[in-house]
Amino acid sequence: MKKLLLALSAAAICAPAFATVDPATYAAAPNGLTCTSVWIKSRTHNLEELQTTTGNFLLNNNKIRSTAVLNDMLIMGYSKPEVIDEKTYEHTYILIYDLMTGKFLKEVQVTVDGAPINGTLCINQVGVDDFGHLWFTGANFDVNTKPVPVYYIADPNTGVATKAFEYMLPSDEASAAARRVDYFDVVGDVTLQQSSASILFAVANDDGCTVIGGTINQDKTWSNVMNDGDYAVGLIEETYPAGQTTWNGAPMVRIVRSEDHTPELFYVDAFVTPPTLYNTSGSMLDSFENCGDALADLAPKNNANGCVEFTLGGETYFVYALSDYDQGGSRVNVAKMGEGDSFEGMKLFWTLPEKGLGEISDTGSRMFGMNPVLKKDKSGKEAIYLPITKCNNGFGLYRIAQPGFNASDVAPSGVERVERDDPRPPVDLFNLNGVRVSEDNMAPGLYIKRQGTKATKMVVK
């Protein structure tokens, strides 16, 4: 079998010497956390490198809207325009990058039953569920009449997708006006093997600020989510700022993850409202209004959407879009939440990147990709690796680490560290899902080679 093997040390993966980094200096936080740029490729910092090393996908393109991270792969959904018989179609693709280096690995067409998926913005949202399954769905231009299909991809390298389920709004809760939805969130297990799955989304330009959701149980029956489970459509009456009568364009929902995999708490981030915390009764629980005197430092600008919580060292942090391309550059804030994981007492730690990713229009997508990944070194010290992506402007990776964290002593995701005394330990091979493979049965693609405590990447062509 003819193979080309390319080995990269784990240390090099964590801190590639050749990578361009954000030149800004980010001071250590009051609690000792450090923030370090691992790599960056953006219009602001290194446009030429962005053009030449990433397949040019993130430039002059508004079809890449959201991102996900799975086993050290940064995955972008790409609704790719293709001309067939003089007609233009949008087909579903994913773009796969190495999380730790930003290197472009491959473009993969997504198929179901051997056929491509097509339609306008047909892969507008990608994510990873609570059990490590990569899922996606497309924009829906009228959820009153059209179902929302959710697919999952078992192996991103193949692009073979399976329809997990299809959400249909109950007819008695349909509106007279079309309801457009751009972004969705899913929790639980989309395969329904280990738990139920729930889908939640906010409606753009609806008559009122509405959030819609449902839970598909393991027996494949559906339950409503909003208004204590009585309805699928929940009308949000309290907003920040007060008095909003619509989310306006492209609102997003981010479900707060829980041990029971339910969507009880969620943020809505929209054109006219910053991230605001709600429950499925439709009650507003927390908002930037509670930041008090710190509001001037913390308040995000309208239009830029995206937010996520992460936990590091037992404390909760909040990442959210600060400004869009036309508001001082595409930037996010990283803040430590106050007591009880609240906005009250929240403190700003860093704005990333300091000078933004770029100032070129994304033609209305407004969405930032942000997917924190927790890693531990051999001693148990923790770090969050935070990729930030903005279509048409670029992307980068930052490491937020506890004091003493050793970035060169972290095993690749999906591969457990094994200590061996043998001076020449045996070689173990794994795919990117952490599944052991045989050297005699390796399809072209990227693999992890482990020998003792040393883990390297290997490319098979």
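The values are calculated or read from the model by the stated rules, or taken from the named source; none is laboratory data. As the structure is a prediction and not an experimental result, all values here were calculated from the model. Because the Cβ atoms are built from the backbone with ideal geometry, glycine has one as well, and the counts that use them run over all protein chains shown.
Going through region 303-320 one residue at a time, which ones are in contact (Cβ under 8 Å) with a residue 60 or more places away in the chain, part of a loop (DSSP other than H, G, I, E, B) and not hydrophobic (A, V, I, L, M, F, W, C)?
Hits for region 303-320 are ASN303, GLY306, GLY313.
Give region 376-394 a look and list any residue that's farther than 21 Å from GLU48 by Cβ and either touching a helix residue (DSSP H, G or I) at 6+ places or on another chain (Cβ under 7 Å) or among the hydrophobic types (A, V, I, L, M, F, W, C) (or both), or say none.
Those that are farther than 21 Å from GLU48 by Cβ and either touching a helix residue (DSSP H, G or I) at 6+ places or on another chain (Cβ under 7 Å) or among the hydrophobic types (A, V, I, L, M, F, W, C) (or both): ALA383, ILE384, LEU386.
Of the residues that sit in region 48-67 and are touching a residue at least 12 places away in the same chain (Cβ under 8 Å), surrounded by fewer than 22 Cβ atoms within 10 Å (Cβ to Cβ) and not in a loop (DSSP other than H, G, I, E, B), which one is nearest to the chain's Cα centre (by Cα)?
Filtering region 48-67 for residues that are touching a residue at least 12 places away in the same chain (Cβ under 8 Å), surrounded by fewer than 22 Cβ atoms within 10 Å (Cβ to Cβ) and not in a loop (DSSP other than H, G, I, E, B), the one nearest to the chain's Cα centre (by Cα) comes out as THR53.
Go through (1) part of a loop (DSSP other than H, G, I, E, B); (2) modelled with pLDDT under 75; (3) over 23 Å from the mean Cα position of the chain (by Cα) for ALA27 and report which single condition fails.
So the condition that ALA27 fails would be (2).
Is it the case, given these coordinates, that ASP219 is within 17 Å of GLU166 (Cα to Cα), without any contact (Cβ under 8 Å) to a residue 24 or more places away in the chain and assigned to a loop (DSSP other than H, G, I, E, B)?
So ASP219 fits the description; yes.
Any chance region 219-242 includes a residue that's modelled with pLDDT of 95 or more, within 23 Å of LYS301 (Cβ to Cβ), among the polar types (S, T, N, Q) and surrounded by fewer than 22 Cβ atoms within 10 Å (Cβ to Cβ)?
Yes, the conditions are met somewhere in region 219-242.
Just to verify a result, which residue in region 68-90, among those that are part of a strand (DSSP E or B) and touching a residue at least 60 places away in the same chain (Cβ under 8 Å), is nearest to the chain's Cα centre (by Cα)?
Among them, the one singled out is ALA68.
Could you tell me whether any residue of region 261-269 is over 23 Å from PHE131 (Cα atoms) and not charged (D, E, K, R)?
Yes; the residues of region 261-269 include at least one that is over 23 Å from PHE131 (Cα atoms) and not charged (D, E, K, R).
Which residue is nearest to THR120 (Cα to Cα), if the candidates are limited to region 356-375 and must be within 19 Å of the chain's Cα centre (by Cα) and of a type in the set (A, V, I, L, M, F, W, C)?
MET367
Of all residues in region 327-345, count the ones that are in contact (Cβ under 8 Å) with a residue 40 or more places away in the chain and touching a Lys or Arg at 6+ places or on another chain (Cβ under 7 Å).
Matching residues across region 327-345 total 3.
Would you pick out the residues in region 307-339 that are of a type in the set (Asp, Glu), over 16 Å from the mean Cα position of the chain (by Cα) and either surrounded by fewer than 20 Cβ atoms within 10 Å (Cβ to Cβ) or under 15 Å from ILE384 (Cα atoms) (or both)?
Residues satisfying the conditions are GLU315, ASP326, GLU339.
Quick grid of which residues meet (1) under 21 Å from the mean Cα position of the chain (by Cα); (2) within 25 Å of PRO372 (Cα to Cα); (3) of a type in the set (Phe, Trp, Tyr):
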position: GLY119; (1), (2), (3): no, no, no
position: VAL128; (1), (2), (3): yes, yes, no
position: GLY138; (1), (2), (3): yes, yes, no
position: THR145; (1), (2), (3): no, no, no
position: PHE165; (1), (2), (3): yes, no, yes
position: GLU173; (1), (2), (3): no, no, no
position: VAL181; (1), (2), (3): yes, yes, no
position: PHE201; (1), (2), (3): yes, yes, yes
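Residue check, GLY213 against (1) modelled with pLDDT of 95 or more; (2) under 19 Å from the mean Cα position of the chain (by Cα); (3) among the small types (Gly, Ala, Ser), all met but one. Which one?
Checking GLY213 against (1) modelled with pLDDT of 95 or more; (2) under 19 Å from the mean Cα position of the chain (by Cα); (3) among the small types (Gly, Ala, Ser), the one that fails is (2).
Which count do you get for residues in region 91-147 that are in a loop (DSSP other than H, G, I, E, B), polar (S, T, N, Q) and crowded, with 22+ Cβ neighbours inside 10 Å? Before you say what the answer is, go through the steps one by one.
At the first step, the residues of region 91-147 found to be in a loop (DSSP other than H, G, I, E, B) are 99-103, 110, 113-114, 117, 119-124, 129-133, 138-139, 141-147.
From what's left, polar (S, T, N, Q): 101, 120, 124, 144-145.
Those still in the list that are crowded, with 22+ Cβ neighbours inside 10 Å too: 101, 124.
Summing the residues that are in a loop (DSSP other than H, G, I, E, B), polar (S, T, N, Q) and crowded, with 22+ Cβ neighbours inside 10 Å in region 91-147 gives 2.
So VAL110 ticks every box in (1) over 16 Å from PHE57 (Cβ atoms); (2) at pLDDT 95 or above but one. Which box is left unticked?
So the condition that VAL110 fails would be (1).
If you take the residues of region 376-397 that are more than 12 Å from the chain's Cα centre (by Cα) and within 23 Å of VAL253 (Cβ to Cβ), which of them is surrounded by the fewest Cβ atoms within 10 Å (Cβ to Cβ)?
Of everything passing the filter in region 376-397, ILE384 is surrounded by the fewest Cβ atoms within 10 Å (Cβ to Cβ).
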